[in-house]
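Chemist: Have a look at the structure that comes next, please.
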Amino acid sequence: MSTQATTSLSLSHSEQSQLDLLTKKNFVKLMPLLVIVYIISFVDRTNIGMAKESLEASVGLSAASYGLGAGLFFLFYAVLEIPSNLILHKVGARFWIARIMITWGAISMLMAIVWNDISFYVLRILLGAAEAGLYPGIILYISYWFPQRYRARAIGIFLLGVSIANIVGAPLGGLLLQLDGFAGLEGWQWMFIIEGLPAILLAFAVWNYLPDKPQNAKWLTDEDRSLLQRILDSEDQGEGSKHNDLRALGPVLRDPILWVVVLAYFTHQIAVYSLSYFLPTIIHSYDATMSSLQVGLITAIPWIAAALGSWFLPKYAVGLKKSKMMASAGFLLVALGLTIAATTAGNMWIAVGGFFIAASQLFVIQSILFTFPQQRFSGAAQAGGVAFMNMCGLVGGFLGPTVMGALETSTGNKLSGLWFIIGAVIIGSLLVWLLKYRNNESPAVAERS
């Protein structure tokens with residue numbers, strides 16, 4: 001981490017060293033648990049990608065029905081994002097994240113009883129409602145602990161959870177599918193039961209370990225807490241709201257830059273979830289003789305690139321100019337990688353290379369985009385802004401898989417939907433150039449932050 005100050009505060013050398021040290025302590029104490037939470041959540045929301053062909057054979061789902069069910073998760077997830085985040089801001093992260101985990105784990109396990117299209121749709125809707133608020137809640141939580149300069153890095157580390165979930169989840173799902181017939185259950189049923197249980201168990205670790213605010217952290221000294229609070233207060237120049245309910249969205253809805261962030265994130269989410277839900281099927285289409293475990297292992301390869309990108313690159317997004325350049329270049333690399341994959345003429349390994357390039361940038365982009373609502377708002381308005389951005393962006397999580405499924409059904413080509421994603425991310429690459437920091441932040445501070 002850089003030792004350069006991030007705020008308008010004038011820090012002495014000893015204070016800057018203290019800030020670096022306490023920030024490192026917060027990374028070590030908080031991020032491993034938060035990453036594990038997100039790994040489990042992402043495995044539980046995307047494991048239907050590994051179960052797609054089994055559900056088609058066992059329950060009779062078509063590709064279009066599967067795509068619709070995959071996308072329906074996001075409708076109630078999105079609608080409940082803002083209320084959930086405002087509740088977290090009011091009652092504390094420890095209680096609310098634990099509650100979310102217990103309910104989503106239970107419903108994820110209930111996915112094992114799916115018997116037709118309608119039951120599939122209903123349980124996906126309930127799963128989305130149960131998990132609503134987890135991601136924006138943790139993004140908000142990160143803002144309580146890390147000054148502006150360190151947030152893209154912290155969000156990037158948190159988003160490792162998505163990559164690790166796909167690296168671990170796909171092979172694990174493939175292995176669990178091979179339990180077909182054990183104790184009278186099909187493999188896909190065992191997958192949902194076994195992968196849903198850890199969320200319930202981990203909720204107790206969150207309740208017992210995760211502090212609500214730095215004031216409750218036993219690993220920080222009083223001097224650490226005082227310094228961190230001074231820095232966070234000095235950075236808190238964003239527009240706030242005196243309300244702690246939905247009226248806190250007033251400043252958010254009036255901010256044109258936030259709408260640009262929302263649109264860019266919308267295009268990003270089309271790419272993320274289309275790949276999460278359809279990549280196993282695309283990989284299997286190259287060689288129908290591959291086992292579910294082989295498909296899972298190959299599917300994990302692009303997500304290794306996503307993990308490397310989210311670990312190494314967000315820390316370089318320092319200041320507005322670099323952030324916009326990195327986000328725009330990231331979108332274009334996603335488009336390039338998917339173009340390679342879409343034009344492979346049946347060569348699986350060239351396609352995997354294209355997916356590798358595309359995935360390497362997905363969470364670099366996301367970590368940069370989520371620094372903007374944190375920089376532009378404060379208090380309940382920040383909580384609402386983060387949730388509103390995620391809510392609107394997740395409509396792309398509904399649209400992407402739905403369009404992918406519809407195009408596969410209508411054309412018979414599992415790669416046809418990639419061109420839809422390519423067009424979306426090119427638009428995203430242009431939108432990020434319109435982003436700005438708040439007008440009341442001086443250029444010097446903006447460049448340092």
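Chemist: At least 1 residues that are in contact (Cβ under 8 Å) with a residue 60 or more places away in the chain, in contact with a Lys or Arg (Cβ under 6 Å, 6 or more places away or on another chain) and farther than 19 Å from residue 165 by Cβ in each: list the helices (runs of 4 or more DSSP H) lying fully within segment 50-137 that qualify.
Modeler: 63-79
Chemist: A further question on this structure: Condition test on residue 395, is it in contact (Cβ under 8 Å) with a residue 60 or more places away in the chain, surrounded by fewer than 24 Cβ atoms within 10 Å (Cβ to Cβ) and under 24 Å from residue 87 (Cα atoms)?
Modeler: Considered against the rule, which asks whether it is in contact (Cβ under 8 Å) with a residue 60 or more places away in the chain, surrounded by fewer than 24 Cβ atoms within 10 Å (Cβ to Cβ) and under 24 Å from residue 87 (Cα atoms), residue 395 comes out as yes.
Chemist: Out of segment 310-324, which residues are outside any loop (DSSP other than H, G, I, E, B), touching a residue at least 40 places away in the same chain (Cβ under 8 Å) and not basic (Lys, Arg)?
Modeler: Scanning segment 310-324 gives 310, 311, 314, 320, 323.
Chemist: Just wondering, is there one or more residues in segment 38-45 that are surrounded by fewer than 18 Cβ atoms within 10 Å (Cβ to Cβ), assigned to a helix (DSSP H, G or I) and modelled with pLDDT of 80 or more?
Modeler: No; the residues of segment 38-45 include none that is surrounded by fewer than 18 Cβ atoms within 10 Å (Cβ to Cβ), assigned to a helix (DSSP H, G or I) and modelled with pLDDT of 80 or more.
Chemist: From the list 11, 30, 22, exactly one residue is over 24 Å from residue 291 (Cα atoms) and not in a helix (DSSP H, G or I). Which is it?
Modeler: 11
Chemist: Still on this structure, I have one more. If the requirement is being crowded, with 24+ Cβ neighbours inside 10 Å, polar (S, T, N, Q) and at pLDDT 85 or above, which of these qualifies: 119, 143?
Modeler: 143 is the lone residue from the list that is crowded, with 24+ Cβ neighbours inside 10 Å, polar (S, T, N, Q) and at pLDDT 85 or above.
Chemist: Turning to a different aspect of this structure: Looking at (1) under 21 Å from the mean Cα position of the chain (by Cα); (2) farther than 27 Å from residue 158 by Cβ; (3) surrounded by fewer than 23 Cβ atoms within 10 Å (Cβ to Cβ), which is the only condition residue 348 fails?
Modeler: (1) is the only condition that residue 348 fails.
Chemist: Another question, then. Taking helices (runs of 4 or more DSSP H) that fall entirely within segment 337-442, which contain at least 3 residues that are closer than 22 Å to residue 326 by Cα and touching a Leu at 6+ places or on another chain (Cβ under 7 Å)?
Modeler: Filter on segment 337-442 gives 348-369, 371-376, 418-431.
Chemist: Within segment 190-234, take every residue that is surrounded by 12 or more Cβ atoms within 10 Å (Cβ to Cβ), part of a helix (DSSP H, G or I) and aromatic (Phe, Trp, Tyr) and give me the one that is farthest from the chain's Cα centre (by Cα).
Modeler: 190
Chemist: Also: Just wondering, is there one or more residues in segment 355-375 that are crowded, with 24+ Cβ neighbours inside 10 Å and over 24 Å from residue 157 (Cβ atoms)?
Modeler: no
Chemist: Would you check which residues across segment 292-322 are of a type outside the set (A, V, I, L, M) and either buried (at least 24 other Cβ atoms within 10 Å of the Cβ) or in contact with a His (Cβ under 7 Å, 6 or more places away or on another chain) (or both) and list them?
Modeler: Result: 292, 296, 299, 302, 303, 309, 310, 314.
Chemist: Also, I was wondering about something else. Got a sec? Which of 31, 111, 101, 50 is under 24 Å from the mean Cα position of the chain (by Cα), farther than 18 Å from residue 132 by Cβ and modelled with pLDDT of 80 or more?
Modeler: One residue alone meets the criteria, 31.
The values are calculated or read from the model by the stated rules, or taken from the named source; none is laboratory data. Because the structure is a prediction, the values reported are computed rather than measured. Here the Cβ is made from the backbone with ideal geometry for all residues, glycine too, and neighbour counts use every protein chain on show.
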